[in-house]
């Protein structure tokens, strides 16, 4: 009698209730998936590692290398802290910070290219300057301003150049709010493309006309608030580096591509600014005309590399999970 009752209890137990062991494994899997590494994390770790290797190999050329290496360690710790803290608490703001944190690193990594840009070669400005002269018969970075010195035109050029920083951040925020499905991929394309440009700047150093030209030919008169803002950015964030190819132009094209694919409502606002940006890079003497052209040509190549790398890293992470 007892045996029949025991068997009935066992075989009549509801099948939809998992055992404690299965429940534990399921919860463990959910925790693991909620704290997974994103493709952008791997890209950031890789960029930090590559530049750290450069510093170690060429330490005899660099000063205060330990500061830069310690900052890299701090960046890695911040990333792991974000991964851990997201596991314990999750909200919209934290989710955005968790995924978009590399945007906060870009300014430092960009300025650091000035620190690293003569590890392999001296600046190629004489080569670019002479090539520009042979192609155009003049220097566009000098002639452009002299033919259009009007304050309103100068202010328009500086508006286009300065808007670049807002477009990068604004597009990522818009995608996070309006098209979360494509946010992660778009953010990866943006940041990964920046990393590739930075590595090019380190390997092929060009300072740009604003640093290479004689002092008398560098000056752009103050035309208004946007010129003042550009000067402020140049004072604290620019250096004799990162001219070829123009990442402003290249990233501008990549942002337009992303808008075309995932943020069409922004396209009518961003496209005119990017067109102005293309010309402004030469007008304010931040780039040679060849730099701007190279930025335009390099954009689809970097976009392709970024999207392919994102797909490969996504599959790699899924396979490892």
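Residue-by-condition table, conditions (1) under 26 Å from residue 69 (Cα atoms); (2) in contact with a helix residue (DSSP H, G or I) (Cβ under 9 Å, 6 or more places away or on another chain):
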| site | (1), (2) |
| --- | --- |
| 89 | no, no |
| 92 | no, yes |
| 103 | yes, yes |
| 124 | no, no |
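Within the stretch 259-286, the set of residues being within 17 Å of residue 148 (Cα to Cα), outside any helix (DSSP H, G or I) and within 22 Å of the chain's Cα centre (by Cα) comprises 286 only. Taken as a whole, the condition of being within 18 Å of residue 253 (Cβ to Cβ), within 22 Å of the chain's Cα centre (by Cα), at pLDDT 95 or above and surrounded by 22 or more Cβ atoms within 10 Å (Cβ to Cβ) applies to residue 189.
With respect to the conditions (1) at pLDDT 95 or above; (2) loosely packed, with under 12 Cβ neighbours inside 10 Å; (3) under 27 Å from residue 210 (Cβ atoms), residue 53 lacks only one, and its number is (3).
Within the stretch 173-183, the set of residues being touching a residue at least 12 places away in the same chain (Cβ under 8 Å) and under 14 Å from residue 261 (Cβ atoms) comprises 174, 175, 178, 179, 182, 183.
Which residues, taken from the stretch 131-153, are touching a helix residue (DSSP H, G or I) at 6+ places or on another chain (Cβ under 8 Å), over 17 Å from residue 213 (Cβ atoms) and in a helix (DSSP H, G or I)? Within the stretch 131-153, 135 is the sole residue that qualifies. Does the stretch 273-315 hold any residues that are more than 30 Å from residue 137 (Cβ to Cβ) and touching a residue at least 60 places away in the same chain (Cβ under 8 Å), and which are they? Hits for the stretch 273-315 are 273, 302, 303, 305, 306, 307, 309, 310, 313, 314. Look at residue 192 and say whether it is under 30 Å from residue 264 (Cβ atoms) and either free of Cβ contacts under 8 Å to residues at least 12 places away in the same chain or part of a helix (DSSP H, G or I) (or both). It is true that residue 192 is under 30 Å from residue 264 (Cβ atoms) and either free of Cβ contacts under 8 Å to residues at least 12 places away in the same chain or part of a helix (DSSP H, G or I) (or both).
Scanning the stretch 62-99 for residues that are modelled with pLDDT of 90 or more and not in a helix (DSSP H, G or I) yields 62, 63, 64.
The values are calculated or read from the model by the stated rules, or taken from the named source; none is laboratory data. The structure presented is a predicted model; accordingly, all values stated were derived computationally and were not measured. FYI the Cβ positions are ideal-geometry reconstructions off the backbone, even for glycines, and counts take in every protein chain you see.
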